Amino acid sequence: MKNQRREKDISDRELSAIDLRDDFFIPDLCRVQAVFVLLLLTELVCFLFTLVRPMDYGIDWQYLGLISIFGLWNVFSCAAMLCLLRTTLSRLRTTSAAIIAYTIILLSVTVYSALALHFFQLEQVDAPLLFFLRNLAIAAIIGGIVLRYFYLEHQRRAQKQAELRAKLEALQSRIRPHFLFNSLNSIAGLIMVDPQKAEDAILDLSELFRATLRTDQLLIPLQEELEMCQKYLNIEQLRLGDRLQQHWHIELTTPRLRIPPLTLQPLAENAVYHGIQPLPAGGIITIEAYEKGDFVYILIANPAPTDSQEKSRHDFDDDQKPHQGNKMAYGNIENRIMAIFGQQAVLKTSISDGIYTVTLRIPRQQDFNR
């Protein structure tokens, strides 16, 4: 138990560290993807400058080569300095950090302009001041545009993260009040018959509701989410008895897989209320998790009730709105996984041979330092 708590604390600190590192408008320019984008954009700008330069024939490849060297030196030097200073700059106010980053860009251009005048035979050698001023003007405009883009992109990500947290809170508030009351009634009936089982049920219930209050993380370990889903089903089994049967097939080899919190519990809840409760004889809920290629697949399957069985349950429990709740759960979960994992994430449903299956696919390689 102590080891599990220690691992949980470590994972919480790691996630908090990721959130802090991403809460800065200048992205991590040391990443391979960022370096590749900087290379392409720099070459594109150099090519445009070459095209607009007056010339009598074709493309001046020598000029393109010189300004490419000059541009790449400046861009990669600035990227390296901003990368090294990113942690320090992130502790400053946004305005101060932007001024320092802007100053670094202008100083870099000044230094490399002086080196270019010294080592290369340039046509502006007779007018070094004009050469400096032109380079500084170009750097000031492009640098300002880039920093402004970084800031707006950071604001967009912050807004999306706030929306995700709001959706998470809305989803968390959906745990039905009658579920709590039914669980407490079932536990009360167990106290005299099986005190140990009643105690375990109370602990599971407290863990489940503790999870609904945790809104400070966008991702939690997948194993923890599976355990929370199992606690929910165990509590529901107190109420449904032998009508609810569980089959678990978990085959995961990659450690530290992460998933948005309260992703599986609402799906399991729908499986109980739409697939097990309407059936007098109950049924089996099957939960599978396995890895295939670069993805992790999680499947939750339950019997698909007929329209008459579903209508009967509505009449019996008319204070619930299963269809609306079902759509809300799927909509919230799909929006969250798409916002975090992108187009690689998939949430789909299917019915085959009387079995209703929800399939969740998320990427196995999870690098979210964006």
**Prompt:** How about the range 251-280: which of its residues are part of a strand (DSSP E or B) and either surrounded by fewer than 20 Cβ atoms within 10 Å (Cβ to Cβ) or out of contact with any helix residue (DSSP H, G or I) (no Cβ under 8 Å at 6 or more places or on another chain) (or both)?
**Reply:** E251
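Residues are listed down the side, and each one gets a yes or a no for (1) farther than 21 Å from T42 by Cα; (2) of a type in the set (S, T, N, Q); (3) modelled with pLDDT under 90:
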| position | (1), (2), (3) |
| --- | --- |
| A101 | no, no, no |
| V109 | no, no, no |
| Q124 | yes, yes, yes |
| P128 | yes, no, yes |
| I141 | no, no, no |
| V146 | no, no, no |
**Complete:** Scanning the range 207-229 for residues that are surrounded by fewer than 17 Cβ atoms within 10 Å (Cβ to Cβ) and farther than 17 Å from T253 by Cα, the one modelled with the lowest pLDDT turns out to be T215
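Under 16 Å from G143 (Cβ atoms) and of a type outside the set (V, I, T), is that true of A79? Give the derivation first.
Values: under 16 Å from G143 (Cβ atoms): yes; of a type outside the set (V, I, T): yes.
Criteria met by A79.
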**Asked** If you go through the range 218-250 one residue at a time, how many are outside any loop (DSSP other than H, G, I, E, B) and touching a residue at least 60 places away in the same chain (Cβ under 8 Å)?
**Response** 5
**Prompt:** R336: at pLDDT below 85, outside the structural domain of P261 (by TED's automatic domain parsing) and farther than 19 Å from D294 by Cα, yes or no?
**Reply:** no
**Prompt:** helices (runs of 4 or more DSSP H) wholly in the range 21-102 with at least 1 residues that are surrounded by 14 or more Cβ atoms within 10 Å (Cβ to Cβ) and without any contact (Cβ under 8 Å) to a residue 24 or more places away in the chain - which ones?
**Reply:** 32-52, 61-84
**Condition met for E288 (of a type in the set (D, E, K, R), over 19 Å from the mean Cα position of the chain (by Cα) and modelled with pLDDT of 90 or more)** = yes
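The values are calculated or read from the model by the stated rules, or taken from the named source; none is laboratory data. Since this is a predicted model, take the numbers as computed values, not measurements. Glycine gets a Cβ as well: all are built from the backbone with ideal geometry, and neighbour counts include every protein chain shown.
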